[in-house]
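In what follows, a single structure is set out as structure tokens and then discussed.
The values are calculated or read from the model by the stated rules, or taken from the named source; none is laboratory data. Keep in mind it's a predicted model, so treat the numbers as computed, not measured. Backbone-built Cβ (ideal geometry, glycine too); neighbour counts: all protein chains shown.
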Amino acid sequence: MQISVIGCGYLGAVHAACMAKLGHDVIGVDVNAEKVRLLTRGTAPFHEPGFDDLLAEQVDSGRLRFSTDFAELAGAQVHFVGVGTPQVEGGYAADLTYVNAAVDSLLPHLHPHPDGPTLVVGKSTVPVGTAAGLAERIAPTGALLVWNPEFLREGFAVQDTISPDRIVYGVPQDAEQARAAQDTLDEVYADLLRQQIPRLVSDYQTAELVKVAANSFLATKISFINAMAELCEATGADVTQLAEAIGLDDRIGKKFLKAGVGFGGGCLPKDIRAFMARAGELGVDQALTFLREVDTINNRRRDHVVQLAQHAVGGEFSGTRVAVLGAAFKPNSDDMRNSPALDIANRIAGSGAQVRITDPQAGAVLAQRRPDMDVSSSAEEAMRDADVVLLLTEWDEFKNLDPETTRSLPAHPVMIDGRNVLDPAQWRAAGWTYHGIGRP
Ligand code: UDX
């Protein structure tokens, strides 16, 4: 099938390459000429395991191309919209500027297709009610709208797109249109549906809500365990053992129960805030006041790590050296959007410490973007002469550090393990002062 993908960021670029992999003829369109230039060369503009090879392979095959010109997508039957919906400046709501701009640019190119209905398929995370409005806008062209949220995790984006846990379609109310839209999207995902991946069909608003409800649940799970970490810190209990014990109850499950510096990234923080803002507009803000607490607990973990570090250097940051291991919001990614690691590093630097930071992937980007920061190319280099070391993103490189050989690098061997990934006994035995999160 002929497919277009509007927006070639994380979501769109990976989706476009995966659709080409499924055998479709795909054009990715983005307003950013530099991004399009890189993608056209088969070079990934961000770090995502497996994406480089897939992109190069699909571009070479001739099934995948990229452009800044919307006129080039006119021949496609299915148009995916995967542009960003960031948090508005100075507020909690989602900024729909890019979604609206994408639809504005798409409208003049929506034409009837000889093989069946033309579809516009929304993948962006939007406030509930957005899809209905977009469907009305495209209705005069005869095209149909489907809301098909994306659940991919950075670091697993290709795998999550080709082999998702579920596929959700929000379809038009009209039964005939719903059937036509569903059949067309089934054709796009035929390979996935053959693998028995569950496909749930609903109205627009349910499909929109599935995405934000799932992210809210995940954020709640993380803040729950981080709240338990606070209790553990007050009592001398161990949150890692507690998480293991409660996680063995399969109604709870052991995933997303890692206490630490809390959640960050381009999705969970802004999605729960946009969800609260939307609930307020709908007059049901009380339904989501718990998410405010989820957000507060999350931010409190960052404060806690800053305080631990301050205590470790004797109460005053100025004149001290702090090593920060990690800048990306999670490993296997170079994404630093709302990164707890970077936020903590900034706050400590802002309090007068000399911060040296390192990250296997985000480091190079950081060095370019932030000439004010002292970026090291390795953990060992960052740790040299430090008064305290903070492990804030759980890259394998950091998890596998040897406490014996690194012991003599810092001025004071103090390790704050913000992700609970090191063995406290081993680090203490090597002569380090070790602090975990919610661990005695
Ligand atoms: C998330 C959702 O998982 C995904 O389904 C959605 O489509 C987009 O948002 P992502 O932002 O890529 O994906 O990262 P994820 O792996 O979910 O991690 C989010 C944050 O939570 C990270 O900062 C991570 O370090 C943190 N986290 C995760 C914890 O602190 N503890 C955990 O147990 C799990």
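Quick notes
- Figure legend. Inter-residue proximity from region 136-164: first residues outside the structural domain of residue 112 (by TED's automatic domain parsing), second residues at pLDDT 95 or above and within 16 Å of the ligand (Cβ to nearest atom), beta-carbon distance below 9 Å, spacing 6+ or different chains. No pairs are indicated.
- Given (1) assigned to a helix (DSSP H, G or I); (2) within 27 Å of the chain's Cα centre (by Cα); (3) not β-branched (Val, Ile, Thr), number of the condition residue 200 does not satisfy: (1)
- Neighbours by Cβ (under 7 Å, 6+ apart or cross-chain): first from region 331-344, not assigned by TED's automatic domain parsing to the domain that holds residue 87; second near the ligand (Cβ under 9 Å from one of its atoms) and of a type in the set (Ser, Thr, Tyr): 331/393; 341/393
- Just so you know, in region 58-90 the residues that are in contact (Cβ under 8 Å) with a residue 24 or more places away in the chain and over 23 Å from residue 134 (Cβ atoms) include one that is surrounded by the most Cβ atoms within 10 Å (Cβ to Cβ), and it is 64.
So that you can scan it fast, the table gives a plain yes or no per residue for (1) crowded, with 20+ Cβ neighbours inside 10 Å; (2) outside any helix (DSSP H, G or I); (3) within 11 Å of the ligand (Cβ to nearest atom):
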position	(1), (2), (3)
213	no, no, no
224	no, no, yes
228	no, no, no
243	yes, no, yes
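- Listing of helices (runs of 4 or more DSSP H) fully contained in region 1-120 that carry 2 or more residues being more than 29 Å from residue 212 (Cβ to Cβ): 33-40, 51-61
- For region 250-281, the tally of residues that are away from the ligand (no atom under 16 Å from the Cβ), part of a loop (DSSP other than H, G, I, E, B) and not basic (Lys, Arg) stands at 1.
- Number of the condition not met by residue 320 [criteria: (1) more than 13 Å from the ligand (Cβ to nearest atom); (2) of a type outside the set (A, V, I, L, M, F, W, C); (3) within 18 Å of the chain's Cα centre (by Cα)]: (3)
- Residue satisfying condition, being within 16 Å of the ligand (Cβ to nearest atom) and assigned to a loop (DSSP other than H, G, I, E, B), within set 125, 161: 125
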